[in-house]
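Rule-based calculations on the coordinates, nothing more; no lab input. Only a predicted model underlies this, so the values are computations on that prediction, with no experimental measurement involved. Here the Cβ positions follow ideal geometry from the backbone for every residue, glycine too, while neighbour counts run over all protein chains shown.
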Amino acid sequence: MTDPAAQTLSLGDGAQIPMLAFGVWQVPDGSECERAVGEALEAGYRHIDTAQAYGNEASVGRALRASGVPRDDVFVTTKFYPGHTDPVAEAERSLEQLGLDHVDLYIIHWPQGGPTWAWPGMQEAKARGFATSIGISNFSVEELDSLLKIADERPAANQVQFSPFEYRRRLLEACTERKVTIEAYSPLGTGRHLRDRTVAAIADRVGRTPAQVLLRWAIQREVVVIAKSTHRGRIQENAAIFDFELSAEDMQTLDDLDRTGGTAEARPDKWW
């Protein structure tokens, strides 16, 4: 298996980010999260994605320390919860929970209260050394452009729902044009997309699993992809996506599964 840690992209600010991330959304704080993160690191993941809203930063930190993997070898992302008011204070709190002196990427989790108000605080968190890079999540092109008008520093990444079924072409194209790297969350549709017949047929033809096909599609679209599982076998399976390629025909077939009309929006619904 090709080492997933060796496969990186350049963020918009030039920092290198591993293309495959291990996500811990909805993984309970405690032993389950610690075990899953530890197993991901054993399987070769070197990018861990958590958030203040997930409530499991402390478990992620414990797993990192227990793994024996050097801190400099792991890319750690956390996200500012925009129901709070101070990105700097919350970054300090996250670092205390994680037991780290900095994170590699600090992201506004969603544009609650508008897309611009939190950005000065995000820039300050970076200036104080709390984060190497700063970014956004769930921002549409319109929201991104509003932010860019006031930003001293452009966001390095935009983490959005992204898969063949949510192939947000115009959002991807606009972010690429603005030098903002797209990160794909829920690439498996929280499991829904694994049951699709078209995906299953491609998986059978290439001798891979549906999950590997969906993750590989994102890699070939040159976006960072976040895989989440608490099962050791699936964690290992999801890491094995760098030793095969989907054909142009298969990529087009998967592209055609899009249900968004190639939208520039980041979400079909806004919960904030």
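Sort 140-150, 243-253, 40-50, 106-116 for me by packing, meaning the mean count of neighbouring Cβ atoms within 10 Å per residue, highest on top.
Per-residue mean Cβ counts within 10 Å order the peptides as 40-50, 106-116, 140-150, 243-253.
Just order 179-185, 194-200, 118-124 by mean Cβ neighbour count inside 10 Å, highest at the front, would you?
Details: 179-185: 22.9, 194-200: 15.4, 118-124: 19.6.
Those peptides, ordered most packed to least, come out 179-185, 118-124, 194-200.
GLY233: net charge of surrounding residues, Cβ under 13 Å, Lys/Arg +1, Asp/Glu -1, itself excluded?
Numbers: positive: ARG232, ARG234; negative: GLU39, GLU42, GLU237.
Once positives and negatives cancel, what remains is -1.
Could you work out how far the C-alpha centroid of segment 203-272 sits from that of segment 1-42, in angstrom?
When both Cα centres are located, 16 Å separates them.
Taking Rh as the Kirkwood radius computed over C-alpha pairs, what is the Stokes-Einstein D of segment 15-255 at 4 °C in a medium of viscosity 1.567 mPa s, expressed in µm² per second? Don't skip to the end; give the middle numbers.
Working: Rh = 18.2 Å.
Translational diffusion coefficient: 71 µm²/s.
Run lengths n ≥ 4 of DSSP H only: what is the helix-derived mean residue ellipticity at 222 nm for the chain, with -39500 (n - 2.57) per run over all residues, to the nearest 500?
When only DSSP H runs of four or more count, the value is -11000 deg cm²/dmol.
Taking Cα pairs under 8 Å and at least six residues apart, what relative contact order does segment 15-255 come out at, in percent? All intermediate terms of the calculation are to be shown ahead of the outcome.
On the way: 434 pairs, mean separation 44.6, N = 241.
Over segment 15-255, the number comes to 19 percent.
What share of the DSSP beta bridges in the chain is antiparallel, in percent to the nearest 5?
15 percent
Based only on other Cβ atoms within 10 Å, what is the fewest-to-most ordering of LEU254, LEU9, LEU98?
In order of increasing Cβ crowding within 10 Å: LEU9, LEU98, LEU254.
Computed from the mean reciprocal separation of all distinct C-alpha pairs, what Kirkwood hydrodynamic radius does segment 67-182 have, in Å?
Roughly 14.6 Å, rounded to one decimal.
Once the cut-off is 12 Å, how many percent of the Cα-Cα pairs in segment 1-42 end up in the long-distance tail?
Here the long-distance tail beyond 12 Å is 67 percent of all Cα pairs in segment 1-42.
What relative contact order, as a whole-number percentage, does segment 88-229 give when Cα pairs under 8 Å and 6 or more residues apart are counted?
That works out to 18 percent.
What is the distance in Å between the Cα centres of segment 108-174 and segment 63-99?
That distance is 18 Å.
Given segment 75-221, what percent of its DSSP beta bridges are antiparallel, to the nearest 5?
Roughly 5 percent of the DSSP beta bridges within segment 75-221 come out antiparallel.
Give the cross-link partners of LYS228 among the lysines, using a straight C-alpha distance below 30 Å as the criterion and excluding same-chain residues fewer than 8 apart.
LYS79, LYS126, LYS179, LYS270
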